[in-house]
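Chemist: Dropping a structure here in structure tokens format, bear with me for questions.
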Amino acid sequence: MSDILIGKGEQQVSLLAKYGNRHGLVAGATGTGKSVSLMVLAEGFSRMGVPVFMADVKGDIAGLAIAGTMNEKIQSRVADIGISDYANEASPVAFWDLFGKKGHPVRTAVSEFGPDLFARVLELNETQSGVLDIAFKLADDDGLLLLDLEDLRAVLNHVSESKTEMSAKYGLVSPASVAAIQRALLRLEQQGGEHFFGEPALQLSDIMQRHASGRGMINLLTADQLILQPRLYSSFLLWLLSELFETLPEVGDLEQPKLVFFFDEAHLLFGDIQPALLQRVEQVVRLVRSKGVGVYFCSQNPDDIPDNVLGQLGNRIQHALRAYTPRDQKAVRTAAETFVPNPKIDVAKVISELAVGEALVSTLQDKGIPMPVERAIICPPRCRMGAITDAERQAVLAQSLLGAKYDQEINRESAREKLNARVQEQAIEVEPAAKAAKPEKAAKEEPGFLQEILFGNGRRQGVIEQEAKYQARKFMRGILGGLLGKKR
């Protein structure tokens with residue numbers, strides 16, 4: 001299979017396999033058919049043997065795992081588009097879940113996630129981010145493995161307890177900043193984020209597999225709960241994309257991609273991104289193509305994507321936009337300007353008129369030249385268009401070989417255990433010296449006001465003087481009482 005049939009306008013519109021790594025955009029208002037377009041692309045890449053990774057934000061993408069059902073509407077659309085080999089079928093799917101509830105757990109080490117993304121997830125300010133950098137640097141210098149959040153918390157405590165030494169070596173460490181980071185870690189734990197950090201860590205090769213049938217595996221990240229924590233969601237996807245960029249070798253232009261990565265709800269990444277992180281995203285998107293990875297962003301408005309990133313997206317599927325507000329009208333103009341003009345189509349007008357299941361499509365054709373925009377009806381997916389039951393999900397998970405590798409968490413010796421061992425060793429070394437000093441200490445602690453005078457310090461001097469006067473008066477009364485008694 002050399003291409004993916006997307007739909008048909010005056011002619012059929014396809015995405016060529018050799019330009020699948022030139023990235024893309026699927027945009028449109030809620031309820032206009034974006035999910036269907038994502039399914040069509042995922043199925044198409046899978047059939048050509050290309051693995052796919054995508055997030056299932058609403059739960060409806062999970063239908064890829066179950067064969068669809070033919071009806072008159074689908075049959076009519078298949079005939080109108082001219083799909084010759086259409087048949088309802090399921091795709092090979094692997095379910096993943098950061099919380100480990102509806103899929104295989106996804107984990108990574110704290111050190112692999114890195115201080116920059118951690119600072120973003122924890123919503124730290126610049127000063128707090130600097131202290132976090134120190135903690136990561138200390139762990140690296142001392143050979144302390146940062147695997148889970150308990151390891152990071154132990155290193156932060158060590159930094160706080162040794163703040164004078166740390167400040168002299170790495171820069172000023174504020175106990176208040178350490179406390180703020182600890183509170184942010186607690187919030188992340190309460191939200192379930194601690195499940196993501198640990199071992200066994202996700203190996204990229206496991207999301208780049210082919211099924212025994214030769215089809216590419218579709219890796220679905222269950223994100224219906226994760227999306228409620230938008231910073232963790234977007235930071236995780238950015239981390240995974242960065243790992244692909246840093247790990248995979250250069251391969252140049254292939255006949256088809258090695259992996260296609262879908263970034264749904266892309267506005268969550270770019271909405272509050274820092275300039276340095278945005279520059280990183282631009283670099284990854286620009287260069288990951290040569291690693292054989294195609295990146296497809298999905299969002300409601302094209303202007304959710306920064307211009308420098310938008311310019312890298314060669315394949316476009318634009319569903320309807322509703323121009324009710326000035327921002328909506330700006331989005332319509334932005335979308336219209338990004339397409340190669342077609343004399344037969346007023347793009348700015350048509351975008352607001354598209355029906356559900358229709359889209360403006362433009363893909364890269366021969367020699368990488370984008371085709372003039374085409375108004376097309378989108379192909380129906382071959383899978384179920386909707387959610388699946390818990391029983392159907394469990395049946396898919398039961399057949400997966402990944403469970404034996406990832407479902408059971410591993411906790412090996414890391415920063416927390418090593419720092420605790422150091423504390424115990426120091427306690428053992430201090431104990432003999434404490435015992436040797438005990439007799440002298442005991443002598444000093446004998447009761448009596450004269451002992452207090454001899455060994456009292458400045459801070460207690462006032463109390464000691466009062467006690468001495470009281471004891472002297474008591475002593476004198478005792479002597480006088482004795483004398484009087486004798487006289488009687």
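Chemist: Could you please let me know if LEU244 is surrounded by 14 or more Cβ atoms within 10 Å (Cβ to Cβ) and outside any helix (DSSP H, G or I)?
Modeler: For LEU244, the condition - surrounded by 14 or more Cβ atoms within 10 Å (Cβ to Cβ) and outside any helix (DSSP H, G or I) - is not met.
Chemist: Please enumerate the residues belonging to segment 49-58 that are surrounded by fewer than 22 Cβ atoms within 10 Å (Cβ to Cβ) and either modelled with pLDDT of 95 or more or acidic (Asp, Glu) (or both).
Modeler: Correct list: GLY49 only.
Chemist: If you don't mind, another one. Given the residues GLY20, GLY24, GLY33, which is the only one that is over 21 Å from LEU287 (Cβ atoms), of a type in the set (Gly, Ala, Ser) and assigned by TED's automatic domain parsing to the domain that holds CYS383?
Modeler: Just one listed residue meets the conditions, GLY33.
Chemist: What number of residues within segment 163-179 satisfy the criterion of being surrounded by fewer than 15 Cβ atoms within 10 Å (Cβ to Cβ), in contact (Cβ under 8 Å) with a residue 12 or more places away in the chain and not in a helix (DSSP H, G or I)?
Modeler: So the answer is 1.
Chemist: Sticking with this one: Pull out all pairs, ordered by first then second residue, where Cβ-Cβ is under 8 Å, the residues are six or more apart or on different chains, the first lies in segment 387-399 and is surrounded by 11 or more Cβ atoms within 10 Å (Cβ to Cβ) and aliphatic (A, V, I, L, M), and the second is at pLDDT 95 or above and in a loop (DSSP other than H, G, I, E, B).
Modeler: Listed by first residue and then by second, the contacts come to ILE388/ILE66; LEU397/GLY103.
Chemist: Could you tell me how many of the residues in segment 400-422 are without any contact (Cβ under 8 Å) to a residue 12 or more places away in the chain and part of a helix (DSSP H, G or I)?
Modeler: Looking only at that region, the number is 4.
Chemist: May I pose another question? What number of residues within segment 330-355 are within 9 Å of VAL373 (Cα to Cα) and without any contact (Cβ under 8 Å) to a residue 12 or more places away in the chain?
Modeler: Count: 0.
Chemist: Return yes when ALA62 is modelled with pLDDT of 95 or more, among the small types (Gly, Ala, Ser) and crowded, with 24+ Cβ neighbours inside 10 Å and no when it is not.
Modeler: When the stated conditions are applied, ALA62 passes them.
Chemist: Of the numbered conditions (1) of a type in the set (Phe, Trp, Tyr); (2) in contact with a Ser or Thr (Cβ under 8 Å, 6 or more places away or on another chain); (3) in a strand (DSSP E or B), PHE136 satisfies every one except a single condition; which is it?
Modeler: (3)
Chemist: Looking at (1) modelled with pLDDT of 90 or more; (2) under 31 Å from the mean Cα position of the chain (by Cα), find the lone condition where ALA335 falls short.
Modeler: (1)
Chemist: While we're looking at this one, here's another question. Between a residue in segment 226-240 that is within 17 Å of VAL288 (Cβ to Cβ) and any residue that is hydroxyl-bearing (Ser, Thr, Tyr) and assigned to a helix (DSSP H, G or I), which pairs come within a Cβ distance under 6 Å, given they are 6 or more apart or on different chains?
Modeler: Final answer for the pair search is none.
Chemist: Please go through segment 7-31 and give me each residue that is in contact with a Leu (Cβ under 7 Å, 6 or more places away or on another chain), among the β-branched types (Val, Ile, Thr) and either surrounded by fewer than 24 Cβ atoms within 10 Å (Cβ to Cβ) or farther than 20 Å from PRO380 by Cβ (or both), ordered by number.
Modeler: none
Chemist: For LEU132, state whether it is surrounded by 20 or more Cβ atoms within 10 Å (Cβ to Cβ), more than 26 Å from TYR406 (Cα to Cα), touching a residue at least 24 places away in the same chain (Cβ under 8 Å) and under 20 Å from the mean Cα position of the chain (by Cα). Outline the logic, then answer.
Modeler: Values: surrounded by 20 or more Cβ atoms within 10 Å (Cβ to Cβ): yes; more than 26 Å from TYR406 (Cα to Cα): yes; touching a residue at least 24 places away in the same chain (Cβ under 8 Å): yes; under 20 Å from the mean Cα position of the chain (by Cα): yes.
Yes; evaluated as a whole, the condition is true for this residue.
Chemist: Quick test of your reading of the structure: MET70 fulfils all but one of (1) crowded, with 24+ Cβ neighbours inside 10 Å; (2) without any contact (Cβ under 8 Å) to a residue 24 or more places away in the chain. Name the failing condition by number.
Modeler: For MET70, the exception is condition (1).
Chemist: Would you mention how many residues in segment 180-191 are farther than 15 Å from ASP133 by Cα and surrounded by fewer than 17 Cβ atoms within 10 Å (Cβ to Cβ)?
Modeler: 6
Chemist: Would it be correct to say that VAL110 is buried (at least 22 other Cβ atoms within 10 Å of the Cβ) and free of Cβ contacts under 8 Å to residues at least 60 places away in the same chain?
Modeler: For VAL110, the condition - buried (at least 22 other Cβ atoms within 10 Å of the Cβ) and free of Cβ contacts under 8 Å to residues at least 60 places away in the same chain - is not met.
Chemist: Which ones in segment 146-162 are under 20 Å from the mean Cα position of the chain (by Cα) and assigned to a loop (DSSP other than H, G, I, E, B)? Outline the logic, then answer.
Modeler: Of segment 146-162, the ones under 20 Å from the mean Cα position of the chain (by Cα) are 146-153.
The answer is LEU146, LEU147, ASP148.
Chemist: Something else now. Give the residue, chosen from ILE305, ILE369, ILE345, that is of a type in the set (A, V, I, L, M), more than 31 Å from the chain's Cα centre (by Cα) and either buried (at least 21 other Cβ atoms within 10 Å of the Cβ) or under 30 Å from GLU250 (Cβ atoms) (or both).
Modeler: On the way: ILE305 fails: more than 31 Å from the chain's Cα centre (by Cα); ILE345 fails: either buried (at least 21 other Cβ atoms within 10 Å of the Cβ) or under 30 Å from GLU250 (Cβ atoms) (or both).
One residue alone meets the criteria, ILE369.
Chemist: So is GLN229 of a type in the set (S, T, N, Q) and under 16 Å from the mean Cα position of the chain (by Cα) or not? If you could, list the steps in order and put the result at the bottom.
Modeler: Numbers: of a type in the set (S, T, N, Q): yes; under 16 Å from the mean Cα position of the chain (by Cα): yes.
Judged against the criteria, GLN229 is a match.
Chemist: Among the helices (runs of 4 or more DSSP H) confined wholly to segment 8-117, which include 3 or more residues that are over 19 Å from the mean Cα position of the chain (by Cα)?
Modeler: Result: 34-47, 72-81.
Chemist: Let me ask something else. May I ask you to say which residue of LEU360, LEU364, LEU310 is in contact with a Pro (Cβ under 9 Å, 6 or more places away or on another chain), more than 20 Å from LEU269 (Cα to Cα) and touching a residue at least 24 places away in the same chain (Cβ under 8 Å)?
Modeler: Selected residue: LEU364, the only one of LEU360, LEU364, LEU310 that is in contact with a Pro (Cβ under 9 Å, 6 or more places away or on another chain), more than 20 Å from LEU269 (Cα to Cα) and touching a residue at least 24 places away in the same chain (Cβ under 8 Å).
Chemist: Could you check how many residues of segment 1-60 are β-branched (Val, Ile, Thr) and in contact with a Cys (Cβ under 6 Å, 6 or more places away or on another chain)?
Modeler: Narrowing segment 1-60 to residues β-branched (Val, Ile, Thr): 4, 6, 13, 26, 30, 32, 36, 40, 50, 52, 57.
Of the ones still in play, those that are also in contact with a Cys (Cβ under 6 Å, 6 or more places away or on another chain) are 26, 40.
Selection size over segment 1-60: 2.
Chemist: Collect the residues in segment 247-284 that are β-branched (Val, Ile, Thr) and surrounded by fewer than 17 Cβ atoms within 10 Å (Cβ to Cβ), keeping them in residue-number order. If you could, list the steps in order and put the result at the bottom.
Modeler: Step one: filter segment 247-284 for residues β-branched (Val, Ile, Thr), giving 247, 251, 260, 273, 281, 284.
Residues satisfying the conditions are THR247, VAL251.
The values are calculated or read from the model by the stated rules, or taken from the named source; none is laboratory data. Please read these numbers as outputs of a predicted model, since none were measured by experiment. Please note: Cβ atoms are built from the backbone with ideal geometry, for glycine as well, and neighbour counts cover all protein chains shown.
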